[in-house]
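Structure record follows, encoded as structure tokens.
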Protein chains: 2
Amino acid sequence: MVQFVGTQNMIDLVGSIGLNSLFRKLVAYIEQDFVRWNEFDKTPRIASHSDNGVIELMPTSDHDLYGFKYVNGHPQNPVHGLQTVTAFGLLADVATGYPEFISEMTIATALRTAATSAMAAKYLARKDAKVMALIGMGAQAEFQALAFKAILDIAELRVFDIDPAAYPKFLRNMAQSGVRITRVQSAEEAVVGADIITTVTADKKRATILSDNMIGAGVHINAVGGDCPGKTELHRDILLRSDIFVEFPDQTRIEGEIQQLDADHPVTELWQVITGEKSGRVSPRQITLFDSVGFAVEDFSALRFVRDMVQGTRFYRDIDLIAEPADPRDLFGLLAKTSSAAARPAPALTS
Amino acid sequence: MVQFVGTQNMIDLVGSIGLNSLFRKLVAYIEQDFVRWNEFDKTPRIASHSDNGVIELMPTSDHDLYGFKYVNGHPQNPVHGLQTVTAFGLLADVATGYPEFISEMTIATALRTAATSAMAAKYLARKDAKVMALIGMGAQAEFQALAFKAILDIAELRVFDIDPAAYPKFLRNMAQSGVRITRVQSAEEAVVGADIITTVTADKKRATILSDNMIGAGVHINAVGGDCPGKTELHRDILLRSDIFVEFPDQTRIEGEIQQLDADHPVTELWQVITGEKSGRVSPRQITLFDSVGFAVEDFSALRFVRDMVQGTRFYRDIDLIAEPADPRDLFGLLAKTSSAAARPAPALTS
């Protein structure tokens, strides 16, 4: 049997842990895996492109456990009432190849993306950072806000979205957060006084959410929304003034803000900051940039986290995804085990 | 909601259709997709190798529907009572990226492998073929035997396995088949008088199940067991005397019997025989060889088949694999929907 965590299971799990505690635990799982970065098989995602979007498979393995995520990105989906991104993931035992755990990851991806952003900021933002500009109040916004509250104790958010309808939704979801929320009328206004700037907009195009004159000394930029070829949020000049930190350079150079730069522009791998091999922030006036695109190892961490959290709880069920004949050479023998339900003729199949 | 076909669902579905009818319908699905071969995105499988085996993802798309299969191959698994191969698969809507259907494919892979073999033999074996040698009585054996019964009306099987314990299992499973079964003591004896020779052995090494002197004029060879790098069943000299038919040359040259030949050795793509672009068997004395390795398009066909067959039946259930917020920008709002079960503290999570 394979353990399955569905959407309602995930909702209930998150509810039972609480988001503050969840983000702290999840960041610990991601840090554990970033510290042992070199143990993982890493490959750029396998993408199937179409006119409307992309479907991707993101596999990785630490040689004990194999994981992959299925994820789509379809920017026009919201026009039809559907989400831009949906996902699910799986863990399997490398020794046997048997799948062991499968989970919804639409919510889990939002959680791990926000947790990774907050983890990066823990190493890259100024220690006294208390005010965050949040530009874009779409599906990922509350997750980012609450991860930064949990990990960096952010006290004030300065929020902006080009769609005025996004604000009431955001405010409702943040009502219990204990974070002061200041609504502003432009991205320019949002960044005033901000120690951290999070951009998480959704347009699939080269946009300039942040221009060079908006970025003062000492700021940490958490650039989340520039995450596929042809989709960026920051003016190139900002990149040239920043120290840039990335997950997996091979992927980020294709998908991230740094697709605007030369292929050999220096970047620092985040895992090396976490192990201490490389420096994160070294001065209060430095501009740091986390060019987030999302990598398979983070999904692997999130799957490990969810799997560990649900053991001994009612937040999963077993599904018979994998046939398990008593004699492995007698797979055919299973077909003799027709249930009584099937022994009755199935009307739709008799014609 | 995503439709889910578990192992028991699949067993019940097969029972309700009956294998004879199932193989005929399934071959029709595979033929439909082979005829429109050029509509598919095709890529070699994405493999994650380890000491014990391999885990593979096999994606394809016809631009309306995206499919992939997860499959492992671990030759030592049976020593531990586990199967060498397990699998599951998924279909998604290319337009939205949303998964729609997920199914066990351990049984479905056995069915589609056998159906593809029988489909190939329909075009490549002599029309009067009635006797098949079946060398290897492992997990795939009965599926091959019954597919050839359903599609070519094979009347006699001459069977051999190096493990004597395989025979009682095979005989029990074939008791109701209406096929005459002759047990012989060697592969040499099995091929005597056979019109079709099916090799389906499991060793992960270069083996010589068939040597050149065993192969007479007019035979069709259905070589199923040579299906990964370093694993072959036929002596190279047989290949040089045969007209060779393959699924997807890029993959077969790595995984199939033809890994023993030069990279430019001529082969015919099976889909071209089915469309009539190329000839299959042209003379009663010709030796034809289907070098089967299994390709993603066959899994796509099998998934379409199972999906279509279960509609309106009780052989699937809905699972909440994908979160579906009413407002796509309000994914976070779902987290307010904690069920009453979760509202009670979960003991395992309160510590």
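At-a-glance table
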| item | result |
| --- | --- |
| Residues satisfying the stated conditions in segment B:245-265, i.e. within 19 Å of B:A207 (Cα to Cα) and crowded, with 21+ Cβ neighbours inside 10 Å | B:T252, B:E255, B:G256, B:E257, B:I258 |
| Residue list for segment B:1-58, restricted to those being within 19 Å of A:K69 (Cα to Cα) and small (G, A, S) | B:A47, B:S48 |
| Hits in segment B:169-180 - residues which are over 22 Å from the mean Cα position of the chain (by Cα) and within 18 Å of B:T201 (Cβ to Cβ) | none |
| Qualifying helices (runs of 4 or more DSSP H) (wholly inside segment B:242-351; at least 3 residues being modelled with pLDDT of 95 or more and within 11 Å of chain A (Cβ to nearest Cβ)) | B:296-310 |
| Selection status of B:F101, more than 22 Å from B:T201 (Cβ to Cβ) and facing chain A (nearest Cβ under 7 Å) | no |
| Among the residues listed as B:T208, B:T232, B:T252, the single one being closer than 25 Å to B:L26 by Cβ and outside the structural domain of B:N38 (by TED's automatic domain parsing) | B:T252 |
| Checking A:V192 against (1) buried (at least 17 other Cβ atoms within 10 Å of the Cβ); (2) in a loop (DSSP other than H, G, I, E, B), the condition it does not meet | (1) |
| Candidates A:F143, A:F170, A:F148, filtered to the one that is outside the structural domain of A:G15 (by TED's automatic domain parsing), in contact (Cβ under 8 Å) with a residue 40 or more places away in the chain and of a type in the set (F, W, Y) | A:F148 |
| Sole residue being in contact with a strand residue (DSSP E or B) (Cβ under 9 Å, 6 or more places away or on another chain), at the interface with another protein chain (Cβ under 9 Å from one of its Cβ atoms) and buried (at least 17 other Cβ atoms within 10 Å of the Cβ), chosen from B:H74, B:H63 | B:H74 |
| Index of the failed condition, A:I154 passing every other in (1) part of a helix (DSSP H, G or I); (2) touching a helix residue (DSSP H, G or I) at 6+ places or on another chain (Cβ under 7 Å) | (1) |
| For B:D327: the one exception among (1) within 30 Å of B:D93 (Cα to Cα); (2) of a type in the set (D, E); (3) touching a residue at least 40 places away in the same chain (Cβ under 8 Å) | (3) |
| Residue within segment B:25-39 that is facing chain A (nearest Cβ under 7 Å), touching a residue at least 24 places away in the same chain (Cβ under 8 Å) and surrounded by 17 or more Cβ atoms within 10 Å (Cβ to Cβ) present | no |
| Some residue of segment B:266-275 being within 22 Å of the chain's Cα centre (by Cα), surrounded by fewer than 18 Cβ atoms within 10 Å (Cβ to Cβ) and either in the same structural domain as B:A133 (by TED's automatic domain parsing) or over 28 Å from B:M137 (Cβ atoms) (or both) | yes |
| Check on B:N20, more than 10 Å from chain A (Cβ to nearest Cβ), out of contact with any Pro (no Cβ under 7 Å at 6 or more places or on another chain), part of a helix (DSSP H, G or I) and under 25 Å from B:Q311 (Cβ atoms) | yes |
| Among the candidates B:A115, B:A150, B:A166, residue that is surrounded by 22 or more Cβ atoms within 10 Å (Cβ to Cβ) and under 18 Å from B:V200 (Cα atoms) | B:A115 |
| Matching residues, segment A:40-60, being in contact with a strand residue (DSSP E or B) (Cβ under 8 Å, 6 or more places away or on another chain) and in a strand (DSSP E or B) | A:D41, A:I46, A:A47, A:S48, A:V54, A:I55, A:E56, A:L57, A:M58, A:P59, A:T60 |
| Only one of B:V5, B:V71 that is touching a residue at least 60 places away in the same chain (Cβ under 8 Å) and among the aliphatic types (A, V, I, L, M) | B:V5 |
| Output for segment A:40-60, where each listed residue is more than 7 Å from every other protein chain (Cβ to nearest Cβ) and closer than 29 Å to A:T275 by Cα | A:F40, A:K42, A:T43, A:P44, A:R45, A:M58, A:T60 |
| Tally of residues being within 23 Å of B:V14 (Cβ to Cβ) and polar (S, T, N, Q) across segment B:48-76 | 1 |
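Conditions (1) outside any loop (DSSP other than H, G, I, E, B); (2) surrounded by 23 or more Cβ atoms within 10 Å (Cβ to Cβ), marked per residue:
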{"residue": "B:R158", "(1), (2)": "yes, no"}
{"residue": "B:Q176", "(1), (2)": "no, no"}
{"residue": "B:A202", "(1), (2)": "no, no"}
{"residue": "B:T208", "(1), (2)": "yes, no"}
{"residue": "B:N213", "(1), (2)": "yes, no"}
{"residue": "B:N222", "(1), (2)": "yes, yes"}
{"residue": "B:T232", "(1), (2)": "yes, yes"}
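The values are calculated or read from the model by the stated rules, or taken from the named source; none is laboratory data. None of these values were measured; they are calculated from a predicted model. Here the Cβ is made from the backbone with ideal geometry for all residues, glycine too, and neighbour counts use every protein chain on show.
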